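Novice: Please see the structure below; I have some questions.
The values are calculated or read from the model by the stated rules, or taken from the named source; none is laboratory data. Predicted model, so just to flag it, every value in this text is computed and none were measured. Every residue, glycine as well, gets a Cβ built from its backbone with ideal geometry; the counts of neighbours run over all protein chains shown. Heavy atoms of the whole protein, side chains included, go into the accessibility calculation; ligands, DNA and RNA do not. Shrake-Rupley method; radii C 1.70, N 1.55, O 1.52, S 1.80 Å.
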Amino acid sequence: LFSYLKNILFAENLFSGFIPSEIAKLNLEDIDLHSNFLEGPIPSQIALLSNLVYFDITSNRISGTIMSEFGKLSNLYFLSFAGNKISGFIPSQLSLLKRLNFFAVDDNQLRGDFKFWELTTLTYLG
């Protein structure tokens, strides 16, 4: 089912509830869910999407933490968690993302240190 689906682009809608863990059963490259009313934690199964290049959950009500497993998604070039209720630390494993071009975490409840200078391919950091 949906074996050819590569992109989920549900931005700027009124979707609510949780991001379903079943999303990891798809072979997705792009997930754009920004500007909705989604809540709860990011499903850990997202880290299984090895072809993921674009992940945007900006301006939702997502809580929990940023998983260190995001550092294993070596194809990521766009990653935005901005405008949510995410807390904790930015995992050091994210510095392994050598293709990351856009990284946004502003307007959350994050703390601690993050060596953003190790992300040498960034053109946007917020």
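Novice: If I compute volume of the Cα convex hull per residue in Å³ from the structure I just sent, which labelled value in [x] 91; [y] 117; [z] 155 lines up?
Specialist: Label of the calculated value: [x].
Novice: Determine the sum of side-chain charges near Leu52: Lys and Arg each +1, Asp and Glu each -1, restricted to other residues whose C-beta is under 13 angstrom from that of Leu52.
Specialist: -2
Novice: Related question: If you roll a 1.4 Å probe over the heavy atoms of the protein chains, what accessible area per residue do you get for the chain, in Å²? Don't jump to the answer; show the numbers that get you there.
Specialist: Working: 6970 Å² over 126 residues.
I get 55 Å² per residue for this part.
Novice: Given 0.36 nm per residue, what is the gain on full extension from Phe10 to Ser44 after removing their alpha carbon distance, in nm? Working shown, then result.
Specialist: Numbers: separation 34, 0.36 × 34 = 12.24 nm, distance 2.00 nm.
Roughly 10.2 nm would be gained on extension.
Novice: So what's the gap between the Cα centers of the stretch 1-33 and the stretch 55-82, to the nearest angstrom?
Specialist: Each part's Cα centre sits 14 Å from the other's.
Novice: Grab the Cα-Cα distance for Glu69 and Asp113, subtract it from 0.36 nm times how many residues apart they are, and report the gain in nm with one decimal.
Specialist: Length gained between Glu69 and Asp113: 14.0 nm.
Novice: What is the packing order of peptides 22-30, 63-71, taking the mean over residues of other C-beta atoms within 10 Å and listing the highest first? Intermediate values should be presented prior to the final figure.
Specialist: Details: 22-30: 15.2, 63-71: 17.0.
Order by mean packing, descending: 63-71, 22-30.
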